[in-house]
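Here is the structure we will look at.
The values are calculated or read from the model by the stated rules, or taken from the named source; none is laboratory data. As the structure is a computational prediction, the values presented were derived from the model and not from experiment. Only protein heavy atoms, including side chains, enter the accessible area calculation; ligands, DNA and RNA are left aside. Shrake-Rupley method; radii C 1.70, N 1.55, O 1.52, S 1.80 Å.
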Amino acid sequence: MAGKKRHIIRGGPDQEDASTLKLGEEFSTAQCLYISEVRIILEAQEDSKENGTDTRPRTNVMSKTVDYVRTFSKFNNIEAVREVRQVLAKDNMSQYEVAQLANLCCEDAEEAKALVPR
């Protein structure tokens, strides 16, 4: 992805639009993570720093990201995170839809339909 140059043509037939799940070719096979999954990954990385297996310095961006995911994470343990992924994966939804529903924790189906494009 870093070496690719993207050209967005405004008004073209393949215009990216998140509201209709046209996210671009880079995301056609991508795994979308929800906030709780990101929290698990970043906390595991922090544990490896404490154990001395990861010696990279912690940046300001990383600190702010960890604070963000801790604030907005809905599920705090790995079992809950796995269960949410399994439950939402049973339906025929895109990765984007699964991540959005897991992040939003909607009260009912109508709220989910209003907030997550299909």
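Solvent-accessible area of segment 35-75 (1.4 angstrom probe, protein heavy atoms only): carbon and sulfur portion equals 54 percent.
Across segment 77-116, the convex hull enclosing all Cα atoms gives 69 Å³ per residue. Could you tell me whether segment 52-118 comes out rounded, prolate or oblate from its Cα gyration tensor? Rule is a ≥ b ≥ c as square roots of the eigenvalues, rounded for a/c under 1.5, then prolate if a/b exceeds b/c, otherwise oblate. Because a/c hits 1.5 or more and a/b exceeds b/c, segment 52-118 counts as prolate. Tell me the relative contact order for segment 41-116 as a rounded percent, counting alpha carbon contacts under 8 Å between residues six or more apart. Relative contact order comes out at 20 percent. For the chain, set up a GNM with springs between Cα atoms under 10 Å and report which of Glu37, Glu26, Glu97 has the largest fluctuation. In this elastic network of the chain, the residue with the biggest mean-square fluctuation among Glu37, Glu26, Glu97 is Glu26.
Run the count for the chain, please: Lys pairs, Cα-Cα under 18 angstrom, 8 or more apart or on different chains.
Here the count comes out as 4.
The average projected area of the chain, computed from the convex hull of its Cα atoms over all directions, is 10.1 nm².
Rolling a 1.4 Å probe across the protein heavy atoms gives the chain an accessible surface of 76 Å² per residue.
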